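The structure under discussion appears below in the form of structure tokens.
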Amino acid sequence: MFCYQCQETAGCTGCTRAGVCGKSARTAALQDLLVYVTRGLCQLTTALRNQGEAIIPEDDRLVTENLFVTITNANFDDDALQARIRATLERNAALRSRLDGAGLSAAARWDGSGDWDDKAQAVGVLSTADEDIRSLRELITYGLKGMAAYNHHVNAYGKSASGVDAFLQAALAKTLDDSLTAEELTALALETGKYGVDVMAALDEANTSAYGHPEVTRVNLGVRDNPAILVSGHDLHDLEQLLEQTVGTGVDVYTHGEMLPAHYYPAFQKYPNFVGNYGNAWWQQKEEFEAFRGPILLTTNCLVPPKDSYKNRLYTTGAVGFPGCPHIGADRQGHKDFSALITHARRCPSPIELEQGTLVGGFAHNQVLALADQVVEAVKSGAIRKFVVMAGCDGRAKSRDYYTEFAKALPQDTVILTAGCAKYKYNKLELSDINGIPRVLDAGQCNDSYSLAVIALKLQEIFGLDDINDLPIVYNIAWYEQKAVIVLLALLHLGVKNIHLGPTLPAFLSPNVAKVLTDTFGIAGIGTVEEDLNRFFG
Ligand code: SF4
Ligand code: SF3
């Protein structure tokens with residue numbers, strides 16, 4: 001196997017025996033094959049679109065789901081991956097019959113014959129010999145995986161983001177095209193960022209039109225003495241169905257990790273059994289899921305291979321899968337039946353309390369813009385010197401303690417803007433406020449980084465600046481998996497420069513590609529807390 005798609009890749013170069021994430025070589029091979037046949041499917045759908053033919057929504061969904069399941073910490077279930085490969089091969093055969101076959105790649109033509117392990121070896125990441133082309137192809141592919149994840153959430157509402165499916169498929173097909181130069185692939189990576197903005201805007205619209213605009217909310221961190229279900233991942237639509245089905249049953253619901261921001265939406269606040277947030281970011285789930293004592297629903301990444309002590313309480317849905325854990329599917333209308341979790345919860349003791357107190361969040365664009373006068377006044381008076389965007393991912397690497405120390409050491413006249421699970425590195429520190437504005441403003445999940453961009457664009461307008469980079473905002477972003485890649489490409493598309501990315505730069509950036517990003521956009525890594533404070537505020 002060879003995988004280097006996430007920040008925790010072995011030795012900062014690539015996982016070759018098993019994933020640091022727990023992915024086996026066999027699972028990695030199946031994921032490589034799934035990406036391969038999906039590239040083939042995308043070439044076929046793109047060729048048909050170019051002929052003016054319609055693509056059925058089921059094929060759009062298949063591409064989206066296939067990419068989503070290969071994202072880090074989503075799916076470890078070999079049977080599910082094989083079933084997807086077979087389903088995609090069937091669609092490829094059906095679509096091939098509608099084309100004359102000229103110019104089709106081996107990926108589009110493969111019929112599934114031969115040994116799949118050998119095939120996976122031959123088509124994986126290292127099958128592209130030139131390290132710069134490989135780097136750009138993977139940068140695009142990982143950005144598209146992140147885009148697919150957000151596209152899936154848009155689709156869950158029965159909506160689609162304009163042009164996103166067609167772009168996603170055309171771009172993935174281009175990663176098969178040996179005639180494209182490094183310059184053309186760089187341009188494609190940046191164009192991917194444009195559609196990243198579009199898909200996040202569509203998701204923002206879908207979430208807020210369904211559940212209202214996030215508002216300032218105090219979220220409970222303690223527990224009650226009732227049986228309960230813990231829900232993690234990013235899928236608000238799953239959460240809504242779970243809440244609908246649990247209300248009045250005597251079973252409480254708590255969020256974990258990236259589901260915390262659900263509490264900020266008015267529509268979820270009406271459920272009396274939606275108690276609070278339990279625990280921290282994804283990588284602490286082994287201890288926290290054990291202590292929870294009730295059933296756990298993983299709606300998206302990040303899943304850590306479970307301990308036996310709670311594996312029988314772990315349920316998956318959507319793109320997530322783990323062998324031996326029940327998977328809750330959707331019917332044709334998208335309805336999911338969570339009664340098994342509710343019955344299971346009733347047999348379990350209530351959660352062990354991990355902490356008490358509350359957390360404040362809900363600073364998505366609508367709420368921050370409602371406070372715009374206060375914020376602008378604080379900036380004009382000098383009470384707020386700078387905003388520091390510290391969005392992104394959390395992870396288990398010890399080096400991420402940097403973000404806690406950095407947050408603690410920030411000057412008192414700075415405000416952290418955050419989104420994603422990166423927040424858990426500092427959201428429980430006592431960082432006080434500036435004239436009533438908390439020094440950590442949490443916009444929501446990683447996809448709500450879009451909200452931070454909307455806020456920046458609005459401030460640019462209010463302050464009458466020509467360039468978004470003239471705002472008093474610095475970017476110190478933590479990344480881990482592929483959704484962070486699409487967020488990064490989206491920020492680059494919006495013209496944001498001098499983003500610092502840590503705790504390490506992606507292993508999939510070759511020295512030449514990293515140099516292009518540095519020279520063109522000022523992308524840089526991080527140093528020590530002291531060095532970076534000097535750099536940003538010195
Ligand atoms: Fe390694 Fe990350 Fe790939 Fe898992 S997802 S195999 S940890 S690079
Ligand atoms: Fe976190 Fe996985 Fe990226 Fe959505 S839950 S930000 S790492």
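If a residue has to be closer than 22 Å to residue 431 by Cα, of a type in the set (D, E, K, R) and under 29 Å from the mean Cα position of the chain (by Cα) to count, how many in segment 343-386 make the cut? Selection size over segment 343-386: 2. Taken over segment 365-389, the criterion of being outside any helix (DSSP H, G or I) and touching a residue at least 40 places away in the same chain (Cβ under 8 Å) is satisfied by 371, 383, 384, 385, 386, 387, 388, 389. Restricting attention to segment 454-467, the residues that are surrounded by fewer than 24 Cβ atoms within 10 Å (Cβ to Cβ), in contact (Cβ under 8 Å) with a residue 12 or more places away in the chain and either outside any loop (DSSP other than H, G, I, E, B) or among the hydroxyl-bearing types (Ser, Thr, Tyr) (or both) add up to 6. Every listed requirement among (1) more than 25 Å from residue 119 (Cβ to Cβ); (2) in contact (Cβ under 8 Å) with a residue 40 or more places away in the chain is met by residue 11 save one, (2). A count restricted to segment 211-234 and to residues that are surrounded by fewer than 24 Cβ atoms within 10 Å (Cβ to Cβ) and either in a strand (DSSP E or B) or within 26 Å of the chain's Cα centre (by Cα) (or both) stands at 10.
If you go through segment 390-409 and keep only what is free of Cβ contacts under 8 Å to residues at least 40 places away in the same chain and either within 17 Å of residue 488 (Cα to Cα) or among the aliphatic types (A, V, I, L, M) (or both), you end up with just 407.
Got a sec? Which of 39, 84, 17, 61 is among the basic types (Lys, Arg), without any contact (Cβ under 8 Å) to a residue 40 or more places away in the chain, more than 16 Å from ligand 2 (Cβ to nearest atom) and out of contact with any Lys or Arg (no Cβ under 8 Å at 6 or more places or on another chain)? Of the residues listed, the single one that is among the basic types (Lys, Arg), without any contact (Cβ under 8 Å) to a residue 40 or more places away in the chain, more than 16 Å from ligand 2 (Cβ to nearest atom) and out of contact with any Lys or Arg (no Cβ under 8 Å at 6 or more places or on another chain) is 17. Within segment 80-133, the residues that satisfy the criterion of being in contact with a helix residue (DSSP H, G or I) (Cβ under 6 Å, 6 or more places away or on another chain) and hydroxyl-bearing (Ser, Thr, Tyr) are 88, 105, 128.
Of all the residues in segment 235-255, those that are touching a residue at least 40 places away in the same chain (Cβ under 8 Å), within 15 Å of residue 444 (Cβ to Cβ) and not in a helix (DSSP H, G or I) number 1. Scanning segment 460-509 for residues that are within 16 Å of ligand 1 (Cβ to nearest atom) and among the hydroxyl-bearing types (Ser, Thr, Tyr) yields 480, 504.
Read-outs throughout are calculated quantities, based only on the coordinates presented, and are distinct from any laboratory measurement. The shown structure was predicted, so the numbers you read here are calculated from the model rather than taken from an experiment. Note: ideal-geometry Cβ built from the backbone for every residue, glycine included; neighbour counts use all protein chains shown.
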